[in-house]
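Only one structure is covered here, and it is reproduced in the block below.
Quick note: the coordinates plus some simple rules give every number you see, no bench work behind them. Computed from a predicted structure; not experimentally measured. Heads up, the Cβs are rebuilt from the backbone with ideal geometry, glycines too, and the neighbour counts pull from every protein chain shown.
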Amino acid sequence: MAQSRTERCPYCGQPITREQFVEITVKVEREVANKARIELTHQRQQLEAQFDSRVSLEVAKRDKRRERDFSKLQRELAAGRKALDKDRRTIAARAALFEKQQQKAEADFRRREAKLEEDARRRASELARQEKERLEIAAQREKSAHEKERLAWDRKQNSLLKKIEDLNRRAAERTPLALQDYSEESLLSELTAAFKDQGDRIERLARGRQSGDIQQSVRYRDEEVGVIVYEVKNVKTWSNSFVDQAKRYRTIHNTEHVVLVSTTLPSKVRAVTMKDGILICEPEHAILMARVLREGIVKIAKAKLSTGEREAKVAQLYLYLNSDDYRGKAEGVVDGVRKLRELQSAERDAHQRTWQKQEQQHKRIDDDIGEVKSKVEAIIESDVPRVAVHHTKRKKRTSLAEEIATP
């Protein structure tokens with residue numbers, strides 16, 4: 001048998017056979033492979049543990065951040081709901097207060113109406129009694145006073161007739177400028193009368209400057225807190241260009257409040273409306289809207305709000321002015337004023353009829369007095385008939401004083 005090839009041991013350097021060398025090499029390679037596999041497994045486990053730790057940490061961070069964001073959103077939602085509830089309560093309280101004020105105003109109006117009627121009846125009764133006494137005591141003096149009243153009424157009636165003739169003449173001319181002048185002057189007069197005790201500066205703007213017709217500077221405690229610009233349109237046909245024109249006035253006058261008073265409103269609109277932030281109303285509603293708008297401006301100034309809060313309150317005020325609730329209340333007020341004027345007109349007519357009856361009574365009294373005077377004058381001016389006189393000795397006539405003194 002051939003001698004086997006000898007090798008040296010890789011560990012101790014001793015001579016060994018080839019088979020032993022191969023066996024040792026295989027064993028070493030297997031041990032190295034096992035060691036490498038164990039090391040790789042250990043490293044993979046460490047990497048997986050690190051990865052799991054990092055993933056868990058990142059997930060925990062994200063969960064914590066999500067919880068923090070969710071808590072923040074919950075707080076913001078709660079704050080928003082609280083603010084919304086507060087606004088709702090405020091709106092409800094103001095609506096209730098306005099309703100209460102409206103009911104009080106209506107009750108006061110009914111009381112005043114009843115009082116006016118009662119005063120009118122009592123005054124008519126008193127006037128009738130006084131008139132009867134004056135007729136009995138001093139018919140001529142009452143006639144003079146009545147004549148003065150009648151002349152004053154005639155002068156007033158003549159003045160009104162002249163105004164009516166002038167208006168008819170201006171309407172017949174059909175010049176838009178004349179109609180516009182009358183409407184502007186009418187609104188200016190009404191605004192001046194309505195706010196004469198408020199200290200506001202109300203002035204008519206120069207014609208042709210494209211800056212509106214009338215400007216009202218709202219004052220509170222001797223300071224200007226807002227400006228209202230009025231544009232008057234006395235037209236038969238509505239045009240959306242009116243709104244575009246009014247919108248430019250907000251920039252010109254640096255104000256949010258522009259009121260377009262027009263005799264004709266957009267189609268399917270009655271009394272009051274709003275278009276592109278411009279309040280639009282009929283002439284009968286102009287003063288009431290001016291009062292509500294001015295009160296809102298003053299109250300916002302009193303509250304000393306921030307710019308955002310002030311804009312929000314103005315938006316809420318305009319929303320209310322454009323609501324059906326305000327429109328219904330405003331039409332009720334205008335209708336009440338119209339009926340009150342009708343009652344006053346009826347009262348003037350009743351006085352006129354009373355004056356006419358008084359004049360008839362004065363004429364009858366004057367006729368009777370004139371007839372009495374005529375008969376007295378006829379008696380005085382007629383000749384005295386001559387009668388026969390017998391000359392006899394007269395008895396001394398005693399005076400009335402002597403007769404009284406004699407027992």
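Per the listing I91, I24, I38, the residue uniquely assigned to a helix (DSSP H, G or I), closer than 30 Å to L321 by Cβ and aliphatic (A, V, I, L, M) is I91.
For the stretch 251-280, the set of residues classified as in contact with a strand residue (DSSP E or B) (Cβ under 7 Å, 6 or more places away or on another chain) and free of Cβ contacts under 8 Å to residues at least 24 places away in the same chain is empty. Is one or more of the residues making up the stretch 205-223 among the β-branched types (V, I, T), out of contact with any Leu (no Cβ under 6 Å at 6 or more places or on another chain) and surrounded by 17 or more Cβ atoms within 10 Å (Cβ to Cβ)? Scanning the stretch 205-223 turns up at least one residue that is among the β-branched types (V, I, T), out of contact with any Leu (no Cβ under 6 Å at 6 or more places or on another chain) and surrounded by 17 or more Cβ atoms within 10 Å (Cβ to Cβ).
Only one entry in V259, V314, V334, V298 is under 14 Å from the mean Cα position of the chain (by Cα) and part of a strand (DSSP E or B), namely V259.
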